[in-house]
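**Student:** Below you'll find the structure I mean.
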Amino acid sequence: MTLCQLFLQSEAAYACVSELGELGLVQFRDLNPDVNAFQRKFVNEVRRCDEMERKLRYLEKEIKRDGIPMLEIPGECPEAPQPREMIDLEATFEKLENELREVNQNAEALKRNYLELTELKHILRKTQVFFDEMADPSREEEQVTLLGEEGLMAGGQALKLGSPYRHAYRSAVMFACNYELSIHHEGGANTTESMTRALISDDPNKHMGHVQLGFRDKQESLEFLPCFVAGVILRERIPAFERMLWRACRGNVFLRQAEIDSPLEDPSSSDQVYKSVFIIFFQGDQLKTRVKKICEGFRATLYPCPEAPADRREMAMGVMTRIEDLNTVLGQTQDHRHRVLVAAAKNIKNWFVKVRKIKAIYHTLNLFNLDVTQKCLIAECWVPALDMETIQLALRRGTERSGSSVPPILNRMETAEEPPTYNRNNKFTSAFQHLIYAYGVATYREVNPAPYTIITFPFLFAVMFGDLGHGALIAIFGFWMCYKEKPLQAKKIDSEIWNIFFGGRYIILLMGLFSMYTGLIYNDIFSKSLNIFGSSWRSNYRNDTLADNKLLQLNPDSEDYLQYPYPFGIDPVWQLAESNKIIFMNAYKMKISIIIGVFHMLFGVCMSLWNHIYFKRRISIYVEFIPQIVFLTLLFFYMVLLMFIKWTSYGPTPGKLGSDDPDVIRTSAYCAPSILITFINMMLFKTDPNTRPQCDDVMYAGQMGLQKMFVVVALLCVPIMLFGKPYFIMREQKQQARSQPLGAGPEGAEGAQAENGAAAGAPAEAPHGAHSHEEISEVFIHQAIHTIEYVLGSVSHTASYLRLWALSLAHAQLAEVAWNMLLRKGLMSMGFQGGIFLYVVFAGWAAISVSILVLMEGLSAFLHTLRLHWVEFQSKFYAGEGYLFQPFSFEVILDSAGQAEE
Amino acid sequence: MGASFVPIVVFTVLWGVVGIVCPIFAPKGPNRGIIQVVLMLTAATCWLFWLCAYMAQMNPLIGPRLDNETLIWIAHTWGNPIANGTK
């Protein structure tokens, strides 16, 4: 990674940056960090791009609203257009946006018109019904019982008109009307009959005349005309509307309403709403204003409804024709809008890409410095050293495209800054690299654990997951995702959980494959065993013994064991031994967990050697690496060796099964010591006081002496780790102080040494220049922390690897429970109904297997493996203090923009 | 020692081929290093895992404790017919 300076001619700058963006190998630095975003050179262009993006988003919203599919760009993305093309694009977008807005406005106005006409149509229809009902006294249910004089004296009768719950105020209204009229009425029932008819009378004059009979002498007669208003209101508002009318007009108005069956479309919100037609009868101007105000308040739309039926019929016909016309016009408007949107939808993705690229280029150009002559732009960038050629080519291409004559200049710069970390990955390794980076980005040029993680991660997962059946499920899932990689990627599914699974498809595939392998070794498929090669155990019990005892144990020191093990994995007999399978498996799995753990940690310490060699830290090799490895090996690798020794030394002797010979007994299972007790005694310099009399207290000759020596040497490593490096640093500082007596007074010793150390530039110790900046006490503390972390860590991390045993035990037990409690019950049920029962039980067992055993256990094992890598493995060598190389790349920008909008 | 010669040789040779011979033939290209590392690590881990399972069982210290029904069944199917009398 080199820091380079790039000199670009102003005309060529755009094209060159475009080429570099396609390449994605250059990380630009901001040379104007103090400049406000609004004061940068290309802020206008960025603003124009933002405006274009806004227009495109509006278009996209409209296209999505109509459900038109937007074509994805097949194959390569379009290149960033030239600056002069930007003006064309702007014009196109402007035109499209204006057209669309106009069409939308028109459509809205038309729809509003349509709504009004529809409501009017409904009003005309429903009011017809009202008037019909009132005009026909012969109808039973809608009998109009008028108040006669006698009735009036008696206090009035209820006027039945339709729904009973209205009769209260309706009767009151009629009562009031009749009361007024009856005072002045001239005849008997005649007048009252005609009064109601007068309300709907064909002849307006007659209408006025009849009613006005009594009031003619009053001046306010004209005000007291019973008139009506008709309108439409939302169905939900009717009860409140009624109540308000009743209260405000003191019961002097008469409301009739009918529901409109079909929902109407609200023009602004495009919702379907249900409305009702209402008609209000009232007398007088005051009531009229009140009614009108209330209608306004409830947002009821009033329509002029003619009183005469003939007029209404005429109006209705006119309304129908106008509705048809409007429908046609609306249809054509929608068609036009659709055509415009379809044409836009073909190109919209393309345009988005282009606009985003232009914006990215201008953002980048804003990072550049303009030089004094104003002719050329200067940029600083981090560039991977191996890719200089490719970048030069790209720059040349850019200059040619822009037609500029001056070639761009790429200059290397010397710098003491730490460059960003760049690890090249392909689609397979990038997932594992992300796992490592999630903990911390590697320091520049540090050894990258990701390539080894490709195998160790799935392997440790598999040790915890070990089931052939579940592993097969995971492997199939992983394989499907990898096989269908391209179509699945093209789909751009939104779900975050899916994206997590899909991003880790190679990890999942490998985890599945390794789990199948460890499942074969553990001999566990859905908690059952496979007997491929023939078990090494036989039953030699006779029938009387068998009849008398429920549980019998097989003895390895006899004919029961064939004296050679099952060739591949755990013997299938153990799965049948439900009572003591766990005892055997525990011993086995705990040992393999420690064995794998110690190897993993040794591997980690060896990686630190790599680091020391690369960074030329020779002192560190002697005082850090060697003590570390000696400590780990002499204590924990020795324990691993003890396990292997125990596996080979103690057991049945094939020729002398069940013998009493003391030599044979000494190597039999009777005398096998516990590794843990042995190890503890080793650390405490003790021998086991409880050794059996026939047994040796050592596993091999010279064990005690060797162990004591190991412990002593290992403990001696601790002070070397603690004081070795600080001592060497101190010595170095003193040497530098002695070799540079000028300007190196005792008080300025530290600071001067820093400069002198750097100036003297002892080549191999250049990195130590950094150390001499530190106070010596800091170095001691630093080293003490490292040593304690390592020494205590080696004990705790070794024990931490026992989680490999714990999780595999949990998995095996869960699988067994699921089988025994669920599937076994189904498999043991008999007959036809047993078949159906099995069908149902299988569904339950499969659901539990997938959800708990595969998903939950899988997630759990994944997490624990991750922890083992991050803490137990990487703490041995990984510094992880770098920062990522984030090149200017169109791909990255387009991806993140695409995700952001979703 | 309860070790049998054949399985040890077979599996050691198998993983030896995967881990030592195959990396030599890894295809040349930018991914050669990764392929070699993957093959070697796979061989090492899988062989170690198999070896531990094998060695843990070759000199067993305890035997399985089985149900008498299971014992009858395995005697029947695994070719050790049950004799009369008590053991």
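**Student:** Kindly establish whether A:G466 is closer than 15 Å to A:F862 by Cα and surrounded by 20 or more Cβ atoms within 10 Å (Cβ to Cβ). Can you show your working first?
**Tutor:** Values: closer than 15 Å to A:F862 by Cα: yes; surrounded by 20 or more Cβ atoms within 10 Å (Cβ to Cβ): yes.
The answer is yes for A:G466.
**Student:** So if I check each of B:N59, B:N84, which one is open to solvent by 70 Å² or more (accessible area, probe 1.4 Å) and either free of Cβ contacts under 8 Å to residues at least 40 places away in the same chain or facing chain A (nearest Cβ under 7 Å) (or both)?
**Tutor:** Selected residue: B:N84, the only one of B:N59, B:N84 that is open to solvent by 70 Å² or more (accessible area, probe 1.4 Å) and either free of Cβ contacts under 8 Å to residues at least 40 places away in the same chain or facing chain A (nearest Cβ under 7 Å) (or both).
**Student:** Take A:M516 and tell me if it is open to solvent by 10 Å² or more (accessible area, probe 1.4 Å), more than 25 Å from A:W870 (Cβ to Cβ) and within 13 Å of chain B (Cβ to nearest Cβ).
**Tutor:** yes
**Student:** Another question about this same structure. Of the residues in the stretch A:620-669, how many are crowded, with 16+ Cβ neighbours inside 10 Å, small (G, A, S) and away from every other protein chain (no Cβ under 14 Å)?
**Tutor:** Number satisfying all stated conditions: 1.
**Student:** Just checking, does the stretch A:545-562 include any residue being under 24 Å from A:I675 (Cβ atoms), part of a loop (DSSP other than H, G, I, E, B), open to solvent by 50 Å² or more (accessible area, probe 1.4 Å) and modelled with pLDDT of 90 or more?
**Tutor:** Yes, the conditions are met somewhere in the stretch A:545-562.
**Student:** Next up: Which residues, taken from the stretch A:772-808, are open to solvent by less than 40 Å² (accessible area, probe 1.4 Å) and under 30 Å from A:F584 (Cα atoms)? Talk me through it step by step, then tell me what you get.
**Tutor:** Taking the stretch A:772-808 as the starting set, the residues that turn out to be open to solvent by less than 40 Å² (accessible area, probe 1.4 Å) are A:772, A:779, A:783-784, A:787, A:790-791, A:793-794, A:797-798, A:800-801, A:804, A:807-808.
Passing the criteria: A:G793, A:S794, A:H797, A:T798, A:S800, A:Y801, A:L804, A:L807, A:S808.
**Student:** Can you say whether A:F461 is within 13 Å of chain B (Cβ to nearest Cβ), buried (at least 19 other Cβ atoms within 10 Å of the Cβ), in contact (Cβ under 8 Å) with a residue 24 or more places away in the chain and over 28 Å from B:P60 (Cβ atoms), as far as the supplied structure shows?
**Tutor:** Spelling it out, A:F461 is indeed within 13 Å of chain B (Cβ to nearest Cβ), buried (at least 19 other Cβ atoms within 10 Å of the Cβ), in contact (Cβ under 8 Å) with a residue 24 or more places away in the chain and over 28 Å from B:P60 (Cβ atoms).
**Student:** List the residue pairs whose Cβ atoms are under 8 Å apart, where the first residue sits in the stretch A:293-309 and is touching a residue at least 24 places away in the same chain (Cβ under 8 Å), the second is among the basic types (K, R) and open to solvent by 60 Å² or more (accessible area, probe 1.4 Å), and the two are 6 or more positions apart or on different chains.
**Tutor:** Hits for this filter: A:F298/A:R237; A:R299/A:R237; A:A300/A:R237; A:L302/A:K292.
**Student:** Then there is this: Give the residue that is farthest from B:A53 (Cα to Cα), with candidates limited to residues of the stretch A:593-604 that are of a type in the set (A, V, I, L, M) and buried (at least 20 other Cβ atoms within 10 Å of the Cβ).
**Tutor:** A:M601
**Student:** Test A:F584 against the criterion of being aromatic (F, W, Y), within 44 Å of the chain's Cα centre (by Cα) and open to solvent by 30 Å² or more (accessible area, probe 1.4 Å), and give yes or no.
**Tutor:** Considered against the rule, which asks whether it is aromatic (F, W, Y), within 44 Å of the chain's Cα centre (by Cα) and open to solvent by 30 Å² or more (accessible area, probe 1.4 Å), A:F584 comes out as no.
**Student:** Which residue, of A:K357, A:K346, A:K375, A:K427, is within 35 Å of the chain's Cα centre (by Cα), among the charged types (D, E, K, R), modelled with pLDDT under 90 and over 18 Å from A:L23 (Cβ atoms)?
**Tutor:** Answer to the check: A:K346.
**Student:** Is it true that B:L71 is open to solvent by less than 40 Å² (accessible area, probe 1.4 Å), at the interface with chain A (Cβ under 7 Å from one of its Cβ atoms), part of a helix (DSSP H, G or I) and in contact with a Leu (Cβ under 7 Å, 6 or more places away or on another chain)?
**Tutor:** Spelling it out, B:L71 is indeed open to solvent by less than 40 Å² (accessible area, probe 1.4 Å), at the interface with chain A (Cβ under 7 Å from one of its Cβ atoms), part of a helix (DSSP H, G or I) and in contact with a Leu (Cβ under 7 Å, 6 or more places away or on another chain).
**Student:** Would it be correct to say that A:I582 is within 9 Å of chain B (Cβ to nearest Cβ), assigned to a helix (DSSP H, G or I), hydrophobic (A, V, I, L, M, F, W, C) and under 30 Å from A:P654 (Cα atoms)?
**Tutor:** no
**Student:** Search the stretch A:283-328 for residues being within 22 Å of A:C249 (Cα to Cα) and among the basic types (K, R), and hand back the single one that is nearest to the chain's Cα centre (by Cα).
**Tutor:** A:R299
**Student:** Across the stretch A:528-567, what is the number of residues that are more than 7 Å from chain B (Cβ to nearest Cβ) and farther than 24 Å from A:N820 by Cα?
**Tutor:** The number of residues fulfilling the criteria is 9.
**Student:** Another question, then. If a residue must be hydroxyl-bearing (S, T, Y) and touching a helix residue (DSSP H, G or I) at 6+ places or on another chain (Cβ under 7 Å), how many such residues does the stretch A:649-662 contain?
**Tutor:** 2
**Student:** Take the stretch B:30-56 and flag every residue that is among the basic types (K, R) and facing another protein chain (nearest Cβ under 7 Å). Quick ask: steps written out before the conclusion?
**Tutor:** Here is the first cut: in the stretch B:30-56, the ones among the basic types (K, R) are B:32.
Answer for the stretch B:30-56, where residues must be among the basic types (K, R) and facing another protein chain (nearest Cβ under 7 Å): there is none.
**Student:** Can you pull out the residues in the stretch B:1-55 that are without any contact (Cβ under 8 Å) to a residue 40 or more places away in the chain, surrounded by fewer than 16 Cβ atoms within 10 Å (Cβ to Cβ) and in a loop (DSSP other than H, G, I, E, B)?
**Tutor:** Listed by number, the residues that qualify are B:P27, B:K28, B:G29, B:P30, B:N31.
**Student:** Still on this structure: Taking the stretch A:520-543 only, how many residues are open to solvent by less than 70 Å² (accessible area, probe 1.4 Å) and over 59 Å from the mean Cα position of the chain (by Cα)?
**Tutor:** 3
**Student:** Do you know which residues across the stretch A:380-421 are free of Cβ contacts under 8 Å to residues at least 24 places away in the same chain and hydrophobic (A, V, I, L, M, F, W, C)?
**Tutor:** A:L386, A:L393, A:A416
**Student:** Going through A:R356, A:R322, A:R337, A:R290 one at a time, which residue ends up being closer than 30 Å to A:S889 by Cβ, in contact with a helix residue (DSSP H, G or I) (Cβ under 7 Å, 6 or more places away or on another chain) and in a helix (DSSP H, G or I)?
**Tutor:** A:R356
**Student:** Among (1) within 10 Å of chain A (Cβ to nearest Cβ); (2) more than 26 Å from A:T429 (Cβ to Cβ), there is one condition B:V9 misses while meeting the rest; what is its number?
**Tutor:** Condition (1) is where B:V9 drops out.
Matching residues to (1) modelled with pLDDT under 90; (2) closer than 30 Å to A:E775 by Cβ; (3) open to solvent by 50 Å² or more (accessible area, probe 1.4 Å):
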{"residue": "A:F710", "(1), (2), (3)": "no, no, no"}
{"residue": "A:A714", "(1), (2), (3)": "no, no, no"}
{"residue": "A:C717", "(1), (2), (3)": "no, yes, no"}
{"residue": "A:M721", "(1), (2), (3)": "no, yes, no"}
{"residue": "A:Q733", "(1), (2), (3)": "yes, yes, no"}
{"residue": "A:R738", "(1), (2), (3)": "yes, yes, yes"}
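**Student:** Let me ask something else about it. Which helices (runs of 4 or more DSSP H) sit wholly inside the stretch A:816-886 and have at least 1 residues that are at positive phi and either open to solvent by 40 Å² or more (accessible area, probe 1.4 Å) or modelled with pLDDT of 95 or more (or both)?
**Tutor:** Filter on the stretch A:816-886 gives A:831-848.
**Student:** Say whether the condition of being modelled with pLDDT of 90 or more and open to solvent by 20 Å² or more (accessible area, probe 1.4 Å) is met by at least one residue in the stretch A:407-422.
**Tutor:** Yes, the stretch A:407-422 contains a residue that is modelled with pLDDT of 90 or more and open to solvent by 20 Å² or more (accessible area, probe 1.4 Å).
**Student:** A further question on this structure: Please go through the stretch A:224-264 and give me each residue that is over 47 Å from the mean Cα position of the chain (by Cα) and among the polar types (S, T, N, Q), ordered by number.
**Tutor:** Passing the criteria: A:N252, A:Q257.
**Student:** Now a separate question. Taking A:A107 and the conditions (1) within 30 Å of A:T333 (Cα to Cα); (2) within 35 Å of the chain's Cα centre (by Cα); (3) surrounded by 14 or more Cβ atoms within 10 Å (Cβ to Cβ), which numbered condition does it fall short on, given that it satisfies the others?
**Tutor:** Of (1) within 30 Å of A:T333 (Cα to Cα); (2) within 35 Å of the chain's Cα centre (by Cα); (3) surrounded by 14 or more Cβ atoms within 10 Å (Cβ to Cβ), only one is false for A:A107: (2).
**Student:** Same structure again: Right, A:A672: touching a helix residue (DSSP H, G or I) at 6+ places or on another chain (Cβ under 9 Å) and open to solvent by 40 Å² or more (accessible area, probe 1.4 Å) or not?
**Tutor:** no
The values are calculated or read from the model by the stated rules, or taken from the named source; none is laboratory data. Keep in mind it's a predicted model, so treat the numbers as computed, not measured. Cβ coordinates were reconstructed from backbone atoms using ideal geometry, including for glycine residues, and neighbour counts include every protein chain displayed. Note: accessible area is taken over every heavy atom of the protein model, side chains too, but ligands, DNA and RNA are not part of it. Shrake-Rupley method; radii C 1.70, N 1.55, O 1.52, S 1.80 Å.
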